[in-house]
Amino acid sequence: MFLLFIFLSLATPSISEPDDVIIQVLYKPKDCKDIGQHGDVMHVQYLGRFFDSKQTFDSSYRRNNVPFYYTLGVGGVIEGYQIGTKNMCINERRRLIVPSKYAYGKTGTGW
């Protein structure tokens, strides 16, 4: 079980988006013995913003700080999360810049 903090920016097709997920480590605990692996239940606090406008589109903080739960490596969450949280330490903080192909697609619907 992991509690992670993610700051997610989704690139939109209107600007030049990266080809791959960009992972920026903002904080990593010195003692990192447990890292997120396939099959682990991940608990994340996140703030999702559009890359170009910086407008927040979703946030666990807006829902009474209730973490978002998912199982690493088995779907149920955008692929950018799967890529960006693998090998993450407990209490680590990362900023993920996720191109549309690893998020909700060019049209924002996931297809």
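Sort out for me the strands (runs of 3 or more DSSP E) sitting completely within segment 34-111 that have 3 or more residues that are open to solvent by 30 Å² or more (accessible area, probe 1.4 Å).
So the answer is 41-50, 56-59, 68-71.
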Among the numbered conditions (1) modelled with pLDDT of 90 or more; (2) in contact with a Phe, Trp or Tyr (Cβ under 8 Å, 6 or more places away or on another chain), tell me where Gln82 comes up short. (2)
Can you list residue pairs whose Cβ atoms sit under 7 Å apart, with the first residue in segment 35-64 being free of Cβ contacts under 8 Å to residues at least 24 places away in the same chain and among the small types (Gly, Ala, Ser) and the second being part of a strand (DSSP E or B) and loosely packed, with under 12 Cβ neighbours inside 10 Å? Count only pairs 6 or more apart in sequence or on different chains. none
Out of Leu47, Leu26, Leu3, report the one residue that is at pLDDT 80 or above and over 18 Å from Glu79 (Cα atoms). Leu26
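What are the residues in segment 23-33 that are in contact with a Cys (Cβ under 7 Å, 6 or more places away or on another chain) and open to solvent by 40 Å² or more (accessible area, probe 1.4 Å), if any?
Lys28, Cys32
The values are calculated or read from the model by the stated rules, or taken from the named source; none is laboratory data. Keep in mind it's a predicted model, so treat the numbers as computed, not measured. Note that each Cβ is placed from the backbone with ideal geometry, even for glycine, and that neighbours are counted across all protein chains shown. Side chains are part of the model used for accessible areas, which takes the heavy atoms of the whole protein and leaves out ligands, DNA and RNA. Shrake-Rupley method; radii C 1.70, N 1.55, O 1.52, S 1.80 Å.
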